[in-house]
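The values are calculated or read from the model by the stated rules, or taken from the named source; none is laboratory data. Source: prediction; values computed, not measured. Neighbour counts are summed over all protein chains in view; Cβ atoms, including those assigned to glycine, are modelled from backbone coordinates with ideal geometry. Only protein heavy atoms, including side chains, enter the accessible area calculation; ligands, DNA and RNA are left aside. Shrake-Rupley method; radii C 1.70, N 1.55, O 1.52, S 1.80 Å.
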Amino acid sequence: MSWGTELWDQFDNLEKHTQWGIDILEKYIKFVKERTEIELSYAKQLRNLSKKYQPKKNSKEEEEYRYTACKAFLSTLNETNDYAGQHEVISENMTSQITAELARYIQELKQERKSHFHEGRKAQQHIETCWKQLESSKRRFERDCKEADRAQQYFEKMDADINVTKADVEKARQQAQIRHQMAEDSKADYSSILQKFNHEQREYYHSHIPSIFQKIQEMEERRIVRIGESMKTYAEVDRQVIPIIGKCLDGIVKAAESIDQKNDSQLVIEAYKSGFEPPGDFEFEDYTQPMKRTVSDNSLSNSRGDGKAELKFGGKSKGKLWPFIKKNKGATPEDFSNLPPEQRRKKLQQKVDELNKEIQKEMDQRDAITKMKDVYLKNPQMGDPASLDHKLTEVNQNIEKLRLEAQKFEAWLAEVEGRLPARGDQARRQSGMYDGQTAPAVNNCAQDRESSPDGSYTEEQSQESEVKVLATDFDDEFDDEEPLPAIGTCKALYTFDGQNEGTISVTEGETLYVIEEDKGDGWTRIRRSEDEEGYVPTSYVEVYLDKNAKDS
């Protein structure tokens, strides 16, 4: 099977067919290129999807990833990101191993094809030239033979005519001989050219054209083999990433299997446990006796705040009472006293840990500066040791400041841990009774569990706070009393939105009157005008007390 022998007369068709083969190869290259673009686009979309659902740093959402189900979801996002990377690998490999290679090959193929068909056209032109020479010599031979016949006939006519002179006859004979000689020369030339043409024609059809067509056939078969190999590569590029994609999927399955519902349930307890004791039994209140109605110290109404305490949130109280029974949605007290005991303990512990980390960081910096100072002392050319004194002093001041801050929070933490009930004391929790100190202990527990209508808690840390709550009944009777005198002024360092009852809103830079100092609870009572007074966080204002007023 050879194109040179089977298709010896199909030069034009072979030219069209080989061009079609190149077109097919270019179409395949375009197909692979579009596939790589799809893979890149898919990978980009997967990466964006994974990024979209990643938890934001330093946000509440990041805290949710303590739960095993959320951790598994995060692992799924990370594995999806790796999965996207494998599709990028597919795109890169197809580009380098298929499209780039075939693009180079197709340029070589076009050049080779052009060379072969140029050689074929050259052979065609040569055989056509030989054919034209043969036709020309043939026509000349034919013409000379006819001329010789006519000259012979004329000579014979002249020789038979008695009226013609002998000289004319001789002339006619000589002319006939010349014509015969020319015919013989043309015959010899024609014969020679014919033999040459037949030789060239045999070479053309049995050597040149078969050789050229064989090269074209081999070229076309290489193209077919090459496109087949590229299709195998196309599949192998995909197959190579399957194990890695399988590992990504295995990672998702492993993450799903790591979900621990019991652990997540325990985390919910740690996140929301208040640390309060459940209320004890209600005591029987005998209304048949002519005595003042009292409420048992360990009753639910006392722990939740009785009807009297409800007056704190109504009437004309002008914010004279303890205002932070409601959940403070604005500024959080520095000691987290607005939280239930267990949650407060967690927050204080977290704050202590953060401060200890900052202290360690500052100490490391101090050590580094000290070492650098020693180096400067030993090698003065490297720097001036005195230039580090200011920085060293600043770091030491920061350490001392952080230590004081840590001691403050550790004191609050120790206080809270001392007030939390023992975890194993089930009998006392159920009965609500306490040995030896029944009434005071219950009162303190009730104070600790006092709640606002919105379900939040506060810790009343002093007897003064308790007196304020009990005095609620009499607030309406003293609404018209004289306002408290100012004991100084203060400047607002930050803007505070006093949204809770008893608080007051202030704007950064505003100057107001101080009418009651911070009692250790982190709040200062201030006044803007006769009808506008309330509490603001002490840390939000800079207080300037009037010594004369304070002494009086």
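So, with a 1.4 angstrom probe, what is the percent of accessible area on the range 3-264 that is carbon and sulfur?
Working: 8910 of 17220 Å².
Roughly 52 percent of what the probe reaches on the range 3-264 is carbon or sulfur.
How would you rank 502-513, 14-25, highest first, on the average number of other Cβ atoms within 10 Å across their residues?
On the way: 502-513: 16.8, 14-25: 15.0.
So the order, starting with the most tightly packed, is 502-513, 14-25.
Going by Cα centres, the range 174-243 and the range 74-108 are how many Å apart?
Spelled out, the Cα-based centre of one part sits 44 Å from the other.
How much length is gained if the chain between residue 390 and residue 403 is pulled fully straight, taking 0.36 nm per residue apart and subtracting their Cα-Cα distance, in nm to one decimal?
2.7 nm
Among rounded, prolate and oblate, which fits the range 488-545 when a ≥ b ≥ c are the square roots of the eigenvalues of its C-alpha gyration tensor, a/c under 1.5 means rounded, and a/b larger than b/c means prolate? Could you put the intermediate results ahead of the total?
Values: a/c = 1.12, a/b = 1.07, b/c = 1.05.
In terms of gyration-tensor shape, rounded.
Around residue 172, under 12 Å between beta carbons, what's the net of Lys plus Arg minus Asp minus Glu among the other residues? Write down the numbers at each step before the final one.
Working: positive: 150, 157, 166, 171, 173, 179; negative: 156, 159, 161, 168, 170.
That works out to +1.
Taking 0.36 nm per residue of sequence separation and subtracting the Cα-Cα distance, how much length would be gained by fully extending the chain between residue 168 and residue 115, in nm to one decimal? Can you show the working numbers first?
Numbers: separation 53, 0.36 × 53 = 19.08 nm, distance 6.51 nm.
Working it through step by step, the gained length comes to 12.6 nm.
Work out how much length residue 138 to residue 214 would gain on full extension: take 0.36 nm times their residue separation and subtract the Cα-Cα distance, in nm to one decimal.
Working: separation 76, 0.36 × 76 = 27.36 nm, distance 3.45 nm.
Extra length available between residue 138 and residue 214 comes to 23.9 nm.
Estimate the FRET efficiency between residue 54 and residue 363 by the formula 1/(1 + (r/R0)^6), using the beta-carbon distance for r and 41 Å for R0, to the nearest 0.05.
Working: r = 34 Å, r/R0 = 0.83.
Computed FRET efficiency for residue 54 and residue 363: 0.75.
Suppose each label sits 7 Å from its Cα in the direction of the beta carbon; what would the residue 101-residue 231 distance come out to in nanometres?
1.6 nm
Counting only pairs 8 or more places apart or on different chains, how many lysine pairs in the range 1-67 have C-alpha atoms closer than 22 Å?
On the way: 16/27; 16/30; 30/44; 33/44; 44/52; 44/56; 51/60; 52/60.
So the count of such lysine pairs works out to 8.
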